[in-house]
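This is the structure, below, for whatever I ask next.
The values are calculated or read from the model by the stated rules, or taken from the named source; none is laboratory data. These numbers come from a predicted model, not from an experiment. Every residue, glycine among them, receives a Cβ derived from its backbone with ideal geometry; neighbour counts consider all protein chains shown. Ligands, DNA and RNA are excluded from the accessible area calculation, which covers all protein heavy atoms including side chains. Shrake-Rupley method; radii C 1.70, N 1.55, O 1.52, S 1.80 Å.
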Amino acid sequence: MAEKEMQAREKMEMKSPAEGTRDVPVYIPAVDIYESEDALVLVADMPGVGSDNVSIDIRDNQLTLRGTIQLEPGDKERLLLQEYGIGDYFREFALGRTIDQAKIEAAMKDGVLTLTLPKADIVKPRKITVKEG
């Protein structure tokens with residue numbers, strides 16, 4: 001894989017043609033994807049989202065991530081300045097035949113979602129031993 005210079009990016013709001021049922025912006029979570037011999041590991045940044053507010057669905061080889069924020073109104077505070085956008089998260093990925101969809105695992109810790117996408121046995125590298133005779 002060719003090395004390229006990576007740049008940090010601002011939180012991007014998603015523009016959806018459909019109307020939402022919640023009056024909060026929807027952001028595209030920043031994602032890092034790592035590959036090993038056995039799996040792809042997807043790490044999605046969704047600050048403020050708890051494990052009970054994450055939804056991961058697979059339909060027609062489409063992996064959908066949704067994270068919702070629980071908005072807590074302040075009792076005695078009044079907002080003076082807001083630089084951090086608070087909202088829900090949504091992102092989709094197309095899965096190929098190389099992923100064993102039945103074995104996908106997910107974990108959420110401190111607003112970071114980690115998905116382990118195991119490779120199907122057919123695409124895992126293997127060594128064939130040669131027998132004598």
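Considering the range 107-128 alone, what residues qualify as being surrounded by 15 or more Cβ atoms within 10 Å (Cβ to Cβ), in contact with a Ser or Thr (Cβ under 7 Å, 6 or more places away or on another chain) and within 17 Å of residue 32 (Cα to Cα)?
108
Also, I was wondering about something else. When only residues in the range 44-67 that are of a type in the set (A, V, I, L, M, F, W, C) and part of a strand (DSSP E or B) count, which is farthest from residue 94 (Cα to Cα)?
Going through the range 44-67, the residues of a type in the set (A, V, I, L, M, F, W, C) turn out to be 44, 46, 49, 54, 56, 58, 63, 65.
Next cut, part of a strand (DSSP E or B) only: 44, 54, 56, 58, 63, 65.
Details: 44: 16, 54: 19, 56: 13, 58: 9, 63: 6, 65: 12 Å.
Applying the filter and picking the extreme gives 54.
Working only within the range 82-133, note down all residues that are of a type in the set (Lys, Arg) and assigned to a helix (DSSP H, G or I).
Once the filter is applied, which keeps residues that are of a type in the set (Lys, Arg) and assigned to a helix (DSSP H, G or I), the range 82-133 yields only 103.
Looking at 41, 31, which is the one that is open to solvent by less than 60 Å² (accessible area, probe 1.4 Å), farther than 17 Å from residue 13 by Cα, part of a strand (DSSP E or B) and in contact (Cβ under 8 Å) with a residue 12 or more places away in the chain?
On the way: 31 fails: farther than 17 Å from residue 13 by Cα.
After ruling out the rest, the residue left standing is 41.
Next question, about the same structure. Is there a residue in the range 53-60 that is out of contact with any Asp or Glu (no Cβ under 9 Å at 6 or more places or on another chain), under 21 Å from residue 13 (Cα atoms) and open to solvent by 100 Å² or more (accessible area, probe 1.4 Å)?
So far as the range 53-60 goes, no, none of its residues is out of contact with any Asp or Glu (no Cβ under 9 Å at 6 or more places or on another chain), under 21 Å from residue 13 (Cα atoms) and open to solvent by 100 Å² or more (accessible area, probe 1.4 Å).
If you don't mind, there's one more thing I want to ask. Which residues, taken from the range 64-94, are open to solvent by less than 70 Å² (accessible area, probe 1.4 Å) and either touching a residue at least 40 places away in the same chain (Cβ under 8 Å) or more than 13 Å from the chain's Cα centre (by Cα) (or both)? Walk me through how you get there before you give the answer.
Step one: of the range 64-94, the residues open to solvent by less than 70 Å² (accessible area, probe 1.4 Å) are 64-65, 67-69, 74, 85, 87-91, 93.
Passing the criteria: 65, 67, 68, 69, 74, 85, 87, 88, 89, 90, 91, 93.
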